[in-house]
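The structure appears right after this line, and notes come after that.
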Amino acid sequence: MSRNEPRITPELVAEHGLKPDEYKRILDLIGREPSFTELGIFSAMWNEHCSYKSSRVHLRGLPTKAPWVIQGPGENAGVIDIGDGLAVVFKMESHNHPSYIEPYQGAATGVGGILRDVFTMGARPIACLNALSFGDPKHPKTRHLVSGVVAGVGGYGNSFGVPTVGGQVRFHTRYDGNNLVNAMAVGLADSDKIFYAAASGVGMPIVYLGSKTGRDGIHGASMASAEFGEGAEEKRPTVQVGDPFSEKLLLEACLEIMAKDCVIAIQDMGAAGLTCSAVEMGAKGDLGVTLELDKVPCREAGMTAYEMMLSESQERMLMVLKPEKEKEAEAIFRKWGLDFAIVGETTPTKRFIVKHGGAVMVDLPIKELGDEAPMYKRPFDEGKKRPVLKAESIKPPMGVADALEKLIGSPDLCSKRWVWEQYDHVILGNTVQRPGGDAAVVRVNDGPKALALTADVTPRYCEADPFEGGKQAVAEAWRNLTAVGARPLALTDNLNFGNPERPEIMGQFVGCVRGISEACKRLDFPVVSGNVSLYNETNGRAILPTPTIGGVGVLDDFTKSATLAFKAPGETILLIGETQGWLGQSLYLREVCGKEEGAPPPVDLDEERENGNFVRGLVKDGIVTAAHDLSDGGLLVALAEMAMAQGVGATLDPAPGDIPDHAHWFGEDQARYVVTVPAVHVDAVLARAQTMSVPVWRLGITGGDSLAIPNERPIAVAALRERFENWLPAYMAGEI
């Protein structure tokens, strides 16, 4: 070991995010004091971001298998079979802390990292989505963060050449000091040509691919595993810098060497860079790995072993190469103008050995680096159930028409066009349904098959009741896919929470995971990949629990997908599902009444399944002309969105007498959809619903240029659309 490295002190151990008992575990494992570089490697491998030490024990309960699942959690991305010899490869990951410190590069490299996870598996990326959570619009930093993050997402995705087709944007004061940037990528591959990370064979060359290594991103994974406090801005150097044009070259080069059968194993250099990728490849293959850092292409002079092993420079891969294919693979990478360097080999020793400048800097047991990472069964407290609010107890502070106008122009419900118009959502020419609907629809090659894609969660529900909130996040993603006519197949998740060392936060995590698991089982909607992001706190104030669900479904024929827009006058509007007028944790309660209280709406998964299957059948048979699931804001907000989409109004029937008007129109009961049906088909739909025991109610008739609500003034659709479209551009222009 080199003598030029710093001496290991308790202070240095603490700076690396390792607790005293964890450091003792290291001493027991290797039988000596680690070198400085080894300490850095343990810090990277054993932090929360890489080892899942607080969450592993609970994630094991998630359902991950189904006949169509080719690869579940544990690889770079999940893989599902969609028939015709094709597979969909997808995953979601967070880049929260980096995006708070440096919004543009944090968001951009989040997109770059998730794209690499997908094409590492041999898939060509065909779509991206994102879910963004920002602080109170009045907070002095919010506008800056929105501007930078959106520009970063668009800047990377647009330059790389993949459409960004959907997502979510929310605002809440609990994200003031810790915004969330969750990025999802979806790719297409041949189902028999999936590439994995496990190395095989002794003496096989390990090849470094892509861009050169610099000092950016050092300790990025460790930073993602710590709370923010004072001085967060000083961590700017730990944010990686992305180059989407290099990544596009890397994609093409990787897919080409894969097609030429050069690859034994391949791994993206993401969190913890060279360390994590090399250790995972060796450990998964029950092999040792020896690296020669003198051969690593560097863009900065005098880099130490510590810096090279922990750098998170972007657009890099590590590959185990078939020896006889070395010249062919190198020629391909040189053609694309990328670095290609043999930096090590696989060994039978199960040791991770790193050499630099003629000295052995690292000599560690490779499997134990991952397998022996601490796993905590942290104490958790799921808290007390919040009381159910009776609709009659909520006194409406204004009329229904005024409340709709207030809601439709509120930060969470207003149009996010300002965001998604900065993204290229039609590049590659396969986007059938663009952002703004329930789910994006992307054609598979030339069709007729298509994928439906969505990202969703309702954090206020998750805080009020983690179990029901977890269920609802899955159910809403399932409904979004169903509303466009897709058959939901699988999901990826991004579980964003505060400090797991606090029992109440750990209780949120445990409850949400239990709810997600329950919903996935009942809806045949397995989890195939995901990410856990903990320590999303600033000065002890945690974010709202935000377990984002990214859903993927399939349509046999994209021409039969449904949209939410009212299409023509004279069509009957039908509500599918039961309405009780649930106002607890509703946006009406928050935005109109100024309260955040009560229990969230319960989720009956049997109803979700039955009602969803009914709607999907109507869409497939071409009986409905529009379909929209009900969620934030309830029934009247959904109707307004359907009217605004194409400028067609509606005349609505009175609310039933047993539910107060404001609860009928704005309650957030689950398992509900609105559909429009031509008059000729109405009786057939009602008869089918009766046969399937699905509740259906007539809501009114489409037509005119206003929403005519009983006992209220009519609201012009054009005026409603103006309120809907104007808030975000005005806010970003500094006018609000």
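Just for the stretch 200-220: of the residues that are within 19 Å of LEU251 (Cα to Cα) and in contact with a Ser or Thr (Cβ under 6 Å, 6 or more places away or on another chain), which one is surrounded by the fewest Cβ atoms within 10 Å (Cβ to Cβ)? Can you show your working first?
Applying the first criterion (within 19 Å of LEU251 (Cα to Cα)) to the stretch 200-220 yields 206-213.
Restricting the remaining residues to those that are in contact with a Ser or Thr (Cβ under 6 Å, 6 or more places away or on another chain) gives 211, 213.
Numbers: SER211: 22, THR213: 26.
Here the residue is SER211.
The residue that is farthest from ARG378 (Cα to Cα), counting only those in the stretch 42-72 that are buried (at least 19 other Cβ atoms within 10 Å of the Cβ) and touching a Gly at 6+ places or on another chain (Cβ under 7 Å), is GLN71. Scanning the stretch 28-41 for residues that are in a helix (DSSP H, G or I) and either among the hydroxyl-bearing types (Ser, Thr, Tyr) or open to solvent by 10 Å² or more (accessible area, probe 1.4 Å) (or both) gives ASP28, LEU29, ILE30, PHE36, THR37.
Quick grid of which residues meet (1) in contact (Cβ under 8 Å) with a residue 40 or more places away in the chain; (2) under 30 Å from GLU596 (Cα atoms); (3) open to solvent by 70 Å² or more (accessible area, probe 1.4 Å); (4) part of a strand (DSSP E or B):
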{"position": "VAL362", "(1), (2), (3), (4)": "yes, no, no, yes"}
{"position": "PRO374", "(1), (2), (3), (4)": "yes, no, no, no"}
{"position": "PRO379", "(1), (2), (3), (4)": "yes, yes, yes, no"}
{"position": "GLU382", "(1), (2), (3), (4)": "yes, yes, no, no"}
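For the structure I just gave you, tell me whether PHE119 is closer than 12 Å to VAL186 by Cα, open to solvent by less than 10 Å² (accessible area, probe 1.4 Å) and under 14 Å from the mean Cα position of the chain (by Cα). Reasoning before the result, please.
Numbers: closer than 12 Å to VAL186 by Cα: yes; open to solvent by less than 10 Å² (accessible area, probe 1.4 Å): yes; under 14 Å from the mean Cα position of the chain (by Cα): no.
No, not satisfied.
Just for the stretch 716-736: of the residues that are open to solvent by 70 Å² or more (accessible area, probe 1.4 Å) and of a type in the set (A, V, I, L, M), which one is nearest to GLN422 (Cα to Cα)?
Within the stretch 716-736, the first condition is being open to solvent by 70 Å² or more (accessible area, probe 1.4 Å), and the residues that meet it are 718, 721-723, 726, 735-736.
The next check asks that each one be of a type in the set (A, V, I, L, M); those that pass are 718, 736.
Values: ALA718: 24, ILE736: 21 Å.
So, considering only residues that are open to solvent by 70 Å² or more (accessible area, probe 1.4 Å) and of a type in the set (A, V, I, L, M), the one nearest to GLN422 (Cα to Cα) is ILE736.
If the condition is being of a type in the set (S, T, N, Q) and buried (at least 19 other Cβ atoms within 10 Å of the Cβ), then the stretch 411-438 contributes SER415, ASN430, THR431, GLN433. Flag: THR9 matches the condition of being β-branched (Val, Ile, Thr) and open to solvent by 30 Å² or more (accessible area, probe 1.4 Å).
When you scan the stretch 1-22, how many residues do you find that are of a type outside the set (D, E, K, R) and part of a loop (DSSP other than H, G, I, E, B)? Give the steps one after another, and end with the answer.
Within the stretch 1-22, the subset of a type outside the set (D, E, K, R) is 1-2, 4, 6, 8-10, 12-14, 16-18, 20.
Those still in the list that are part of a loop (DSSP other than H, G, I, E, B) too: 1-2, 4, 6, 8-9, 16-18.
Residues that pass the stated criteria total 9.
Inside the stretch 136-156, residues that are buried (at least 23 other Cβ atoms within 10 Å of the Cβ) and either touching a Gly at 6+ places or on another chain (Cβ under 9 Å) or more than 13 Å from THR109 (Cα to Cα) (or both) make up a count of 5.
Against the conditions (1) under 16 Å from VAL362 (Cα atoms); (2) not in a loop (DSSP other than H, G, I, E, B); (3) not charged (D, E, K, R), VAL57 satisfies every one except (1).
Quick one: which of VAL619, VAL603 is among the β-branched types (Val, Ile, Thr), in contact with a strand residue (DSSP E or B) (Cβ under 9 Å, 6 or more places away or on another chain) and either crowded, with 19+ Cβ neighbours inside 10 Å or part of a strand (DSSP E or B) (or both)?
Working: VAL603 fails: in contact with a strand residue (DSSP E or B) (Cβ under 9 Å, 6 or more places away or on another chain).
Going through VAL619, VAL603 in turn, just one is among the β-branched types (Val, Ile, Thr), in contact with a strand residue (DSSP E or B) (Cβ under 9 Å, 6 or more places away or on another chain) and either crowded, with 19+ Cβ neighbours inside 10 Å or part of a strand (DSSP E or B) (or both): VAL619.
Reported count of residues in the stretch 262-319, each being polar (S, T, N, Q), open to solvent by less than 10 Å² (accessible area, probe 1.4 Å) and either more than 17 Å from PHE119 (Cα to Cα) or over 29 Å from the mean Cα position of the chain (by Cα) (or both), is 3.
In the stretch 486-529, the residue that is nearest to LYS65 (Cα to Cα) out of those that are small (Gly, Ala, Ser) and touching an Asp or Glu at 6+ places or on another chain (Cβ under 9 Å) is SER529. Residues of the stretch 630-641 include at least one that is of a type outside the set (Asp, Glu), closer than 21 Å to PRO678 by Cβ and open to solvent by less than 10 Å² (accessible area, probe 1.4 Å).
For the structure I just gave you, tell me whether TYR100 is free of Cβ contacts under 8 Å to residues at least 60 places away in the same chain, out of contact with any His (no Cβ under 9 Å at 6 or more places or on another chain) and of a type outside the set (D, E, K, R). Criteria not met by TYR100. When ALA663, ALA671, ALA626 are screened for being at pLDDT 95 or above, surrounded by 19 or more Cβ atoms within 10 Å (Cβ to Cβ) and in contact with a Lys or Arg (Cβ under 7 Å, 6 or more places away or on another chain), only ALA626 passes.
Yes or no: ASP446 free of Cβ contacts under 8 Å to residues at least 40 places away in the same chain and either surrounded by fewer than 18 Cβ atoms within 10 Å (Cβ to Cβ) or touching a strand residue (DSSP E or B) at 6+ places or on another chain (Cβ under 7 Å) (or both)? Yes, satisfied.
In the set (1) modelled with pLDDT of 95 or more; (2) open to solvent by 30 Å² or more (accessible area, probe 1.4 Å), PRO466 fails one condition alone, (2). Counting only strands (runs of 3 or more DSSP E) that sit wholly inside the stretch 229-326, those with at least 1 residues that are more than 16 Å from ASN76 (Cα to Cα) and modelled with pLDDT of 90 or more are 288-292, 316-321.
Here ARG25 fits the description: in a helix (DSSP H, G or I), among the basic types (Lys, Arg) and open to solvent by 40 Å² or more (accessible area, probe 1.4 Å).
Restricted to the stretch 157-195, and to residues there that are of a type in the set (Ser, Thr, Tyr) and either open to solvent by less than 30 Å² (accessible area, probe 1.4 Å) or out of contact with any Asp or Glu (no Cβ under 6 Å at 6 or more places or on another chain) (or both), the residue that is farthest from GLU326 (Cα to Cα) is TYR175.
Mind checking which residues of the stretch 88-102 are in a helix (DSSP H, G or I), surrounded by 24 or more Cβ atoms within 10 Å (Cβ to Cβ) and not small (Gly, Ala, Ser)? Break it down stepwise before answering.
First, the residues of the stretch 88-102 that are in a helix (DSSP H, G or I): 96-101.
Narrowing the set further to residues that are surrounded by 24 or more Cβ atoms within 10 Å (Cβ to Cβ) leaves 96-100.
Residues satisfying the conditions are ASN96, HIS97, PRO98, TYR100.
The values are calculated or read from the model by the stated rules, or taken from the named source; none is laboratory data. Just so it is clear, the model here is predicted, and its values are computed rather than measured. Cβ atoms come from the backbone with ideal geometry, glycine included; neighbour counts cover every protein chain shown. Heads up: the accessible areas ignore ligands, DNA and RNA and are worked out on the full protein's heavy atoms, side chains in. Shrake-Rupley method; radii C 1.70, N 1.55, O 1.52, S 1.80 Å.
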